[in-house]
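The values are calculated or read from the model by the stated rules, or taken from the named source; none is laboratory data. Keep in mind that this is a model prediction, so the values were computed, not measured. Cβ placement follows ideal geometry from the backbone for every residue including glycine, while neighbour counts extend to all protein chains displayed. Quick note on the areas: whole protein, heavy atoms, side chains included, nothing else; ligands and nucleic acids left out. Shrake-Rupley method; radii C 1.70, N 1.55, O 1.52, S 1.80 Å.
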Amino acid sequence: MERAEAYGFWAAMSGAFLLSCLLFAGVSRRQRGPYMDEAFHVPQAQAYCRGRFLQWDPMITTLPGLYLASVGVVKPAAWLFGWTGSVVCSTGMLRFINLLFSAGNFYLLYLLLFKIHQKNKAVSGFQRILSALTLTMFPTLYFFTFLYYTDPGAVFFTLFAYLMCLYGNHKTSALLGFCGFMFRQTNIVWTVFCAGNVVAEKLNEAWKTKLQKKKDEKISSRKGPFSDFIRILQFLIEYLISPKNLVTLSALTWPYIVLVAVFFGFVFINGGIVVGDRSSHEACLHFPQLFYFLSFTVFFSFPHLLTPTKIRKFLLSLRKHPVQYSLITVVSLFLIWKFTYVHKYLLADNRHYTFYVWRKVFQRHELVKYVLVPVYLFAGWSFADMLKSKSIFWILLYFVCLLAATVPQKLLEFRYFILPFLIYRLNIPFPSLYRQLLELGFYIVVNAVTFYLFLNRTFQWPNSDEIQRFMW
C-alpha cells in the first residue's frame, strides 16, 4: 500500500467508523432494550458474562460464537477500564461489539479487493477504498451493525478465512472458518468454498495444460456450449478419479477436510444442523430462493448489472440461443411450480421488508411468480456475464456453494444473501468510477430510508403495548 493510499484508507475507515458511532448513539437512544431476535441473544450473552456457560435458551438456533466473542471482548475491557455494574454486558455494550466487527469488515474487504484484483494495474487505490467503503455500507449487512445479531461477526470470520485462503494460509483459514461456523452453521458452505478455491486453481492449471497440448498436437474438436460442457465434465471425472490427484488435493486441503468432518460429526450428534428450536427452521428444496437471490443481486448491483449495454447483449443472446433459453424457461417454471414454499413468518411478521415484497408483488396474483421468469433469466444471465473473467471451475464452485447456501432455506430472508452477494461482488471486475459512486450513493439512500423507518415510523400491533419497528 502506497503512502497516499494508506492515508486515504485510514481516513475513509476512521470517517466511516465515526459516522457509524453517531448513528449507533441515535439507535441506542431510541431503542434501548432488546428488539426482535435480540430478545434471545442479549440475555444469553449476559448469562455467559455471569459465567453461566451451561445456561441455554432453547429458542436460539445458532451456536454460541457471538456470545463467546462478546465475553472475550467485554470482560477484558471491563477489567481494563474499571467498568462495573449494569454497564458490563448491557444491551448497548453488546451491540457495540458488532460496530467493531463492522470496522474489521471494512479492512478485510479492502484487503480482499487488493488481493483478488492485484493483477489489474488499471485499478487505483482510490477505487479500492471506495469499493471497500461501499461494501461495508451494503444495506442488509450495515443495518445489523447496530443491533446484537450474528451477521457482522459471521461475515467477519468468513471474509477473514477467505483472505487467508487466498494467501495460502490454509490452516489459519480453516480455524477462522470454524469461528464463522460457530456464529452460523451454514457458514460451513463458505469453508468448502475456500477449499474449493484451492481445487479450482489446480483444475484450471491442468485444464490449461491439456488445452495447450491439444493445440500443439493440432487436435480438432467441436465447438459449442454443449460440447464444451461435455469436455469439461469428462476432464473433471478423469482428474478426480486419479489417486495421485486426489492425494495431492487432500494434502493441500486437509485443514478444511478436518473442519467439514467436524461439521458432519456435529450434525450427527445434534440430529440436525439447527440447535434449539427447529420447528421454524426446516430444510427443504426451495429452488426459487436462487431466483430471489439473483433478483436481489441485480437490485443492489444495478449500476453494474442493469445497463443498456447488458440488456442489448442479453437480447442478442436470446436471439442466438433460443433453444437453450426455452429449456431454461421450462425448467424454471417447473421449479417455481413444484418447489415454491411460503414460510409462516413471511406471512405473519409485518416488520420486515420481505413481508411487503411478498404481499405487494407475489400475492397480487397466482401467476405473478411465473410472469417474473423473464426477469430471473436476465438476472441470471447478467450475473453470470460479470463472472466470465473467472475460470470455469471457480464459477462451478461458486454456483454449487450458492445453491447450498440458499436453496435449503424455507424462509425468504435477505440476511441469508449477504455472504454470497459479498463474495460475488468482490470477484466481479472493477466498474468505472462513475458506477462505483452511483452504487455508494444508492446504498446511502437505502440505508437512510431504512433507518428513518426504523427510528421514526413506529407502530403497534392490536392487543400489544410494545413498540414495533420496520427493519430488514
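Consider region 383-429 and keep the residues that are among the small types (Gly, Ala, Ser) and in a helix (DSSP H, G or I). The one that is surrounded by the fewest Cβ atoms within 10 Å (Cβ to Cβ) is 384. One residue alone among 129, 116 is farther than 30 Å from residue 453 by Cβ and of a type in the set (A, V, I, L, M), and that residue is 116.
Take the conditions aromatic (Phe, Trp, Tyr) and in a loop (DSSP other than H, G, I, E, B) and apply them to residue 149. Does it pass? Here the answer is yes, as residue 149 does meet what is asked. Across region 59-116, the number of residues qualifying as outside any helix (DSSP H, G or I) and of a type in the set (A, V, I, L, M, F, W, C) comes to 6.
Going by what's in this entry, would residue 148 be described as touching a residue at least 60 places away in the same chain (Cβ under 8 Å), farther than 27 Å from residue 256 by Cα and buried (at least 24 other Cβ atoms within 10 Å of the Cβ)? For residue 148, the condition - touching a residue at least 60 places away in the same chain (Cβ under 8 Å), farther than 27 Å from residue 256 by Cα and buried (at least 24 other Cβ atoms within 10 Å of the Cβ) - is met.
Beta carbons closer than 6 Å, at least 6 apart along the sequence or on distinct chains, pair a first residue in region 171-195 that is without any contact (Cβ under 8 Å) to a residue 24 or more places away in the chain with a second that is assigned to a helix (DSSP H, G or I) and open to solvent by 10 Å² or more (accessible area, probe 1.4 Å) for 172/164; 176/157; 176/160.
Would you confirm whether any residue within region 128-138 is over 30 Å from residue 28 (Cβ atoms) and either buried (at least 21 other Cβ atoms within 10 Å of the Cβ) or not hydrophobic (A, V, I, L, M, F, W, C) (or both)? Yes: region 128-138 contains one or more residues that are over 30 Å from residue 28 (Cβ atoms) and either buried (at least 21 other Cβ atoms within 10 Å of the Cβ) or not hydrophobic (A, V, I, L, M, F, W, C) (or both). One residue alone among 210, 214, 223 is of a type in the set (Lys, Arg), open to solvent by less than 70 Å² (accessible area, probe 1.4 Å), at negative phi and modelled with pLDDT under 75, and that residue is 214. Considered as a group, the residues in region 7-51 that are over 18 Å from residue 99 (Cα atoms) and in a loop (DSSP other than H, G, I, E, B) include one that is most open to solvent (accessible area, probe 1.4 Å), and that residue is 50.
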